[in-house]
Every structure is written in structure tokens, then in C-alpha cells.
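The values are calculated or read from the model by the stated rules, or taken from the named source; none is laboratory data. Since the structure is predicted, the reported quantities are computational estimates derived from the model, not experimental observations. Counting neighbours? That spans all protein chains shown, and the Cβs are built from the backbone with ideal geometry, glycine included. The area values use the complete protein model at the heavy-atom level, side chains included, leaving out ligands, DNA and RNA. Shrake-Rupley method; radii C 1.70, N 1.55, O 1.52, S 1.80 Å.
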Amino acid sequence: QEVSLGYTEAQAREEALRCLNCKKRPCVDGCPVQVPIPEFISQVAAGDFEGAYRTILTENRLPAICGRVCPQETQCEAQCVRAVKGESVAIGRLERFVADWAMERGITARDKAPDNGIKVAVVGSGPAGLTCAGELARHGFAVTMFEALHAPGGVLMNGIPEFRLPKALVQREIDALRALGVTFEKNVIVGRSITVDELLEEEGFRAVFIGTGAGLPNFMRIPGENL
């Protein structure tokens with residue numbers, strides 16, 4: 001079972017009130033995907049949790065996952081001005097709270113553009129592939145994801161333990177992509193079952209995103225590495 005249980009609404013608002021709403025927004029500079037952090041935290045402080053969720057979604061389609069496993073302590077939170085003389089604002093935990101709050105109430109993204117008829121293939125259904133598929137589907141592209149294993153999710157399903165990232169939560173994110181119109185083709189090894197050239201030339205895909213991840217271990221080759 002999950003170890004960290006997250007915030008209550010009261011705890012989330014209390015933590016959000018610690019944000020100084022800095023003009024220079026160093027936390028956003030520390031975020032690889034530039035989530036508008038002060039804006040969504042201000043909405044949490046005001047009790048507008050749905051608004052905060054939609055603010056996060058403008059830059060990050062997987063907030064429930066990132067709120068749990070993204071290394072905030074070395075990215076956004078490391079840049080927080082609060083950390084200079086104390087503890088940074090718990091940006092990751094607030095992101096997780098907002099995403100969980102929205103999921104529990106069945107709130108989903110409503111920003112899908114009309115279908116544009118352009119087909120795109122996404123190879124690998126780990127975090128990179130899921131994010132790419134979500135962004136493309138939101139902009140109206142017809143996305144097909146190709147996964148070598150029997151279930152999508154990549155390292156999120158197969159490389160992170162349940163107590164850190166519940167499988168049911170990852171499945172909900174995958175189901176949300178299906179609701180956006182993303183198609184999943186499992187047990188397909190692109191490069192063997194079908195080639196990238198065949199996807200482009202015979203299957204009608206206009207582009208291919210390859211996000212196959214790190215499927216094989218890279219051993220250090222030093223004494224004691226198996227200890």
C-alpha cells in the first residue's frame with residue numbers, strides 16, 4: 001500500500017499559503033516542463049482545486065504521477081525562496097493533492113481540439129510516450145501507441161513499486177488517454193513486428209515518436225555490484 005497518504009483539503013490550503021508568489025518565479029525555472037507553479041498554488045490557497053488542476057494540465061498531462069515520483073527536491077523545490085531560510089513549499093505534494101482531488105471527482109481535461117485527421121505513431125508507452133500521446137491527442141491528432149509488453153505503462157507499471165506509485169493510478173491516466181481517443185497496440189515490437197519505415201510508408205502515419213526508455217540494465221562492472 002502507498003506510504004505517503006497526501007494532504008487533506010485543509011492541509012493543502014495551509015501549505016499553499018506559505019507560497020510567497022515571487023515575481024521572478026524561480027520554481028518555474030526549476031521545472032523541466034514549466035508548470036505555472038505560483039498560479040496553481042494560489043488557486044489551491046483560495047480553495048479553487050479544479051482551477052488549480054486545469055492550470056497544471058496546461059503544461060503537464062500526468063500530475064498525479066509527477067506529484068509522486070518527479071524529483072521535486074532537486075528541481076522546483078530546490079529553487080524555492082522559502083528553502084533559503086527553511087523548508088521549501090511542498091510543490092510536489094500540492095500537485096499530487098490537486099490531481100488526486102480531481103480524479104476522485106471524475107474531473108477530466110476538456111481542452112481537446114477537433115480531429116485533424118493526421119495519424120501519429122508513438123513507440124513505447126512509458127512516461128515519455130504517454131505524455132507525448134496526451135499532448136498530441138489534445139491538439140486533435142489521431143495517436144496510436146505501440147507497446148512491446150502485454151500492458152501499457154512502461155517503467156511506471158514495471159519499474160516503480162506499488163507503495164511509491166499505485167498501479168491503479170497509472171491505469172487511470174492510461175484510461176484518460178483512451179478517452180481522448182488514443183489507441184493502444186500491445187505486444188508489438190517496433191523494429192521486428194513492424195518497422196518505422198512501414199509505419200510511415202504503408203500504415204499512413206505522418207510522424208513517429210520513439211520513447212522506448214531504458215529497457216535493459218547497464219551494469220557497473222565493479223566488485224560487489226550484486227550485493
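Values as computed for the structure displayed
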| read-out | value |
| --- | --- |
| Most to least packed among 3-13, 40-50, 95-105 [average Cβ atoms within 10 Å] | 95-105, 40-50, 3-13 |
| Karplus 3J(HN,Hα) series, Hz, for the range 15-29 with 6.51 cos²θ - 1.76 cosθ + 1.60 (x for Gly, Pro) | 5, 4, 5, 6, 5, 8, 6, 4, 5, 7, 6, x, 4, 5, 4 |
| Label point distance in nm, Glu203-Lys112, each placed 7 Å from Cα along Cα→Cβ | 2.1 nm |
| Order of exposure, largest accessible area first, which applies to Met157, Met220 with probe 1.4 Å | Met220, Met157 |
| Debye-sum result for the range 1-113 in log10 I(q)/I(0), which assumes one identical scatterer on each alpha carbon, at q = 0.18, 0.19 Å⁻¹ | -0.84, -0.95 |
| Proximal lysines relative to Lys186, as straight alpha-carbon distance under 20 Å, when same-chain residues fewer than 8 apart are discounted | Lys119, Lys167 |
| Rounded to the nearest 20 debye, dipole of the range 72-227 from Cβ charges on Lys, Arg, Asp, Glu | 440 debye |
| Using alpha-carbon coordinates, inclination of helix 167-179 to the longest axis of the chain, degrees | 70 degrees |
| For the range 50-194: relative contact order, % (alpha-carbon pairs under 8 angstrom, 6 or more apart) | 23 percent |
| Difference of contour (0.36 nm per residue) and Cα-Cα distance, Glu14 to Glu87 | 24.9 nm |
| Fraction of accessible area attributable to carbon and sulfur, the chain (%, probe 1.4 Å) | 54 percent |
| Accessible area of the chain divided out per residue, in Å², using a probe of 1.4 angstrom | 56 Å² |
| Between helix 91-104 and the chain: long-axis angle, C-alpha atoms, 0 to 90°, nearest 10 | 70 degrees |
